[in-house]
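Working notes, beginning with the structure itself.
The values are calculated or read from the model by the stated rules, or taken from the named source; none is laboratory data. As the structure is a computational prediction, the values presented were derived from the model and not from experiment. Glycine also receives a Cβ, built like all others from the backbone with ideal geometry; neighbour counts cover every protein chain displayed. Note: areas computed on protein heavy atoms with side chains; ligands, DNA, RNA excluded. Shrake-Rupley method; radii C 1.70, N 1.55, O 1.52, S 1.80 Å.
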Amino acid sequence: MIIETRGLSYFFGKQRVLDNVSLKVPMGCIYGFLGPNGAGKTTTIKILLNLLYSSANNVFVFGKELRHSRIEILSRIGSLIEQPSIYPHLSGKENLANRAMLLGINSRRVDEMLSLVDLTDSADKKAGKYSLGMKQRLGIALALLPDPELLILDEPTNGLDPNGIIQIRKLLQKLTSEHGKTVFVSSHLLSEVERMATYVGIINKGKLLFQGTIDELHGLNTTSICIEVDDTVSAANILLSNGYEADIFADTIQMPFSSKQQMGNINQLLVNQGHTVFSLSQTKHDLEKLFLDITKN
Amino acid sequence: MYAFLISLRSEFFKTRKTLAFLSAILLPLILTILISAGFFINAEKMVPYQPMIQWMRFSSAFLGVMGFLLLPMLVIFQTYSVNNIEHKSDMWKSLFSLPLPKWSMYSSKWVYAVLLNALCLSLFAGFVLAAGQLLSLLKADLRFNEYDFSGLLLKIHLKMFLASLGILSIQFFLSLLWDDFLKPMGIGFLLTVFGIICNNLGWKYAFTIPYAHPMIALQKMMSQTTPGSTDFELLTKEVYISLAISLVTFIAGYFVISRRSVR
């Protein structure tokens, strides 16, 4: 695991903002850290970067405990936290040059990064006069400057237009697939994570509610059968006594879908038992609803 | 040590176009031009004096303003500016997530503030010496060129520099803690006024107030130098206290900052 937290909890005063979070981020993946605003995403990221301190030695990055190997770990990470931090009185190029100086990086890489995030034409413009999207792209360039093994990005597509979002998505996918980097990216937008990530962690109110591959997440996204009949309770009992799983929900019977043949059999069974079937339909929950279901409790 | 040096270099790179750096050059330059113009216009009043007295009167015009109010206020402004560049852009989180030791980032900022103060005072001394020579050229009656005042002037500025380090460390710490201008500036200004009042009232413990140290140091120098003897003691009680306060505040500041979370 590139990142591992073991039962991580964190308090702001008496308020618990992280509750027993155990992240597991495998190497070479794009890990989408998903949650509504205020769920604890930025707090988790700040702990991973040693900006906030966990009270126990329970944060491991590259297999090493963070507090004891801070500099070694940070030297392999590029990060962007919340709004990009840039010096507004310096140009985009000077911002990158200053960071390159601090990290002992060859200044040629500054031009490469400017080109990568499409800021070459605005390189000498003061960063304070950049649009929000340009600032975000500069922030990403600053994160990528040291060619890190692990990129930690907090809401990196904030303020970007659709083209910019697609560019960043493709860039992150290229970094993982062609260069073997690992990307840990937080977002409150499910659609963004769904398109970009290979692993997903869903956090709400400081608790990690789901963690797994994007396919595992889709696996939770089951299709069900919704049946409307003249006597819901009696029909549900018939289905249960014939070995089906059935729940009553708002005057309808809900049961897991397996095949169209199964739907036909159910219809026949209920009709044979003297029930009038008003409707029998498939209901597919989209990921948006699944996300809401996971985070609403 | 390498991390400290690159952090220091980065401080210069970041501030070289800001008032934090430019004030260290512009303030002595502008003040020298203004006071020199005054002496040029009123040169005849200086003519009766010996060259050494001419120098003392000329330099006193700067030092009087400097010691009492300008130096403490300049230090307050410079320390604020050095840290505000990070506060303003919310850069602390970015700086502290870099693979650099925290002590190197902290100490390079402090050293940079000290260097700015040293640069400013060196330029004051240099500009005063240059202005004196220039006045001699422009007004033949002024005989600044007949006496070498450089050694004494540099020593005076060195003493002022050492006496201001206590203020510098305290203000540096305050401006690290608070991201607004009013708190460190307001506290610094109030303590400077408090120091002036306590010293002027002759309070016997006024030497314990760091904000009064430049003024006390200046007054002691003035009392020790006479036309016959221009030598004075460099390391006096208030200078030692200033250095001690500076050291203690610097160390305490590091422990506070290194344990502080970046929210």
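Details
- Hits in region A:134-175 - residues which are in contact with a Ser or Thr (Cβ under 6 Å, 6 or more places away or on another chain) and not charged (D, E, K, R): A:A143, A:L150, A:I152, A:I165, A:I168
- When we screen B:L137, B:L165, B:L142 for residues that are assigned to a helix (DSSP H, G or I) and touching a residue at least 24 places away in the same chain (Cβ under 8 Å), the only hit is B:L165.
- One residue from B:S7, B:S23 being buried (at least 20 other Cβ atoms within 10 Å of the Cβ) and of a type in the set (S, T, Y): B:S7
- Filter pass, A:L51 being in a loop (DSSP other than H, G, I, E, B), within 14 Å of chain B (Cβ to nearest Cβ) and surrounded by 18 or more Cβ atoms within 10 Å (Cβ to Cβ): yes
- Residues that are open to solvent by less than 90 Å² (accessible area, probe 1.4 Å) and of a type in the set (K, R) within region A:162-188 comprise A:R169, A:K181, listed in sequence order.
- Boolean, A:G32 is open to solvent by less than 60 Å² (accessible area, probe 1.4 Å) and assigned to a strand (DSSP E or B): yes
- All told, B:M160 meets the bar of being open to solvent by less than 20 Å² (accessible area, probe 1.4 Å) and touching a residue at least 24 places away in the same chain (Cβ under 8 Å).
Let's see how each residue does on (1) in a helix (DSSP H, G or I); (2) within 14 Å of chain A (Cβ to nearest Cβ):
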site	(1), (2)
B:W203	no, no
B:F207	yes, no
B:K220	yes, no
B:I241	yes, no
B:A244	yes, no
B:T249	yes, no
B:R263	no, yes
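- The criterion of at least 1 residues that are open to solvent by less than 60 Å² (accessible area, probe 1.4 Å) and hydrophobic (A, V, I, L, M, F, W, C) is met by the following strands (runs of 3 or more DSSP E) wholly inside region A:218-258: A:223-229, A:252-256.
- For region A:56-115, a tally of residues being open to solvent by less than 60 Å² (accessible area, probe 1.4 Å), within 12 Å of chain B (Cβ to nearest Cβ), within 30 Å of A:R6 (Cα to Cα) and more than 24 Å from the chain's Cα centre (by Cα) returns 2.
- Residue tally, condition within 11 Å of chain A (Cβ to nearest Cβ) and not in a helix (DSSP H, G or I), over region B:6-43: 3
- The residue that is surrounded by the fewest Cβ atoms within 10 Å (Cβ to Cβ), counting only those in region B:64-106 that are within 27 Å of A:L144 (Cα to Cα) and small (G, A, S), is B:S104.
- Restricted to region A:189-217, and to residues there that are among the charged types (D, E, K, R) and open to solvent by 40 Å² or more (accessible area, probe 1.4 Å), the residue that is nearest to A:K174 (Cα to Cα) is A:R195.
- Criterion: closer than 16 Å to B:L98 by Cβ, of a type in the set (A, V, I, L, M, F, W, C) and modelled with pLDDT under 90 - qualifying residue of A:I81, A:I73: A:I81
- Residues of region B:219-260 classified as over 30 Å from B:F96 (Cα atoms), modelled with pLDDT under 85 and either hydroxyl-bearing (S, T, Y) or touching a Lys or Arg at 6+ places or on another chain (Cβ under 8 Å) (or both), total: 10
- The condition (being over 21 Å from B:L158 (Cα atoms), open to solvent by 50 Å² or more (accessible area, probe 1.4 Å) and within 18 Å of the chain's Cα centre (by Cα)) is satisfied by just one residue among B:F189, B:F181: B:F189.
- In the set B:V114, B:V82, B:V75, B:V65, only one residue is of a type in the set (V, I, T) and within 14 Å of another protein chain (Cβ to nearest Cβ); that residue is B:V82.
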